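Read-outs: derived from the displayed coordinates by stated rules, not from any lab. Computed from a predicted model, the values in this text were never measured in an experiment. Methodologically, a virtual Cβ is constructed for each residue, glycine included, from the backbone with ideal geometry; neighbour enumeration extends over all protein chains shown.
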Amino acid sequence: MDILSRKVRLLLDFRGYEIESETQEKYFKDLYIVSKRDGKRLLLRIIQESPLVSGKVGVRQVRKMKEKIIKEECDGGILIGTGFSYSAKKEARAKGIEIIESSMIPSFNIFEHELVPKHEILTKEEAEKLLKEHRINPYQLPHIKRTDPAIFLIGAKPGDIVKITRKSPTAGVYVTYRYVV
């Protein structure tokens with residue numbers, strides 16, 4: 001198993017996905033994955049080699065992936081590659097495909113480190129209960145960027161509320177909430 005495959009398996013574990021099936025093509029590998037949380041089926045495409053001279057993933061590959069998502073009746077898609085053209089990023093956002101550069105995926109489990117606390121995405125019901133209980137709007141919570149390594153790994157999107165549980169020598173267990181931007 002190469003490094004990229006190991007990183008992808010780690011990412012899938014963090015986000016709670018199981019691999020349903022996989023196929024290998026000339027330039028890419030397709031994984032059909034299912035969420036353990038809500039049962040959504042996604043197409044995850046790993047671009048192993050780009051046919052473009054620049055080595056980046058182009059807009060044509062994004063369009064072909066979207067066609068396959070529709071054909072296979074998937075709920076969405078994730079595209080992983082070493083680099084993406086500006087047009088490919090723009091097209092993917094428009095088509096609802098998440099783009100991940102392989103360099104963003106850590107090669108080890110960051111949550112095993114003693115200084116990285118537990119992160120969990122709140123469900124809609126839990127978030128509503130929290131906001132109602134404290135009489136606040138989501139944007140009034142402290143913010144955390146979507147590009148934060150822990151947030152990226154658990155798959156939180158802008159607008160989500162994340163529960164962070166820390167162990168403190170003085171307070172015991174300390175829970176805080178962050179709004180993903």
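Arrange LEU52, LEU42, LEU10 by Cβ neighbour counts within 10 Å, fewest through most, would you?
In increasing order of surrounding Cβ atoms, one gets LEU52, LEU10, LEU42.
Can you return the aspartates and glutamates within cross-link range of LYS163? Criterion is Cα-Cα under 20 Å, with same-chain partners fewer than 8 residues away left out.
ASP13, ASP38, GLU112, GLU114, GLU120, GLU125, GLU126, GLU128, GLU133, ASP148
For the Cα atoms of the chain, what angle does the longest principal axis make with the long axis of helix 124-134, in degrees from 0 to 90, nearest 10?
30 degrees
Calculated from the structure, Cα extents along the principal axes in Å equals which of (i) 57, 37, 30; (ii) 55, 31, 30; (iii) 43, 40, 28?
Of the labelled values, this structure produces (ii).
Checking the table LYS29/LYS66; LYS71/LYS95; LYS36/LYS90; LYS36/LYS145; LYS36/LYS157 against a 20 Å threshold on Cα-Cα, which pairs fail?
Table pairs above 20 Å Cα-Cα are LYS36/LYS90; LYS36/LYS145.
List THR82, THR170, THR23 from most exposed to least, where exposure is judged by having the fewest other Cβ atoms within 10 Å. Could the numbers behind the result be given before it?
Numbers: THR82 15, THR170 5, THR23 9.
Lowest count first: THR170, THR23, THR82.
Please list, by residue number, every one of the trypsin sites (Lys or Arg not before Pro) in the stretch 118-181 that is coil in DSSP and has at most 15 other beta-carbon atoms within 10 Å.
In loop regions of the stretch 118-181 (DSSP not H, G, I, E or B), the sparsely surrounded trypsin sites (Lys or Arg not before Pro) are ARG135, LYS145, ARG146.
What is the antiparallel percent of DSSP beta bridges lying wholly in the chain, to the nearest 5?
Details: 26 of 39 bridges.
Antiparallel: roughly 65 percent of the beta bridges in the chain.
Once you have the Cα-Cα distance between ILE3 and LYS71, take 0.36 nm times their residue separation minus that, and quote the gain in nm to one decimal. List each step's numbers first, then the result.
On the way: separation 68, 0.36 × 68 = 24.48 nm, distance 3.02 nm.
Gain in length upon complete extension: 21.5 nm.
If amide hydrogens are placed 1.01 Å from N in the peptide plane, which non-local residues have theirs closer than 5 Å to the one on ILE99?
Close amide H contacts, sequence-distant or interchain: LEU79.
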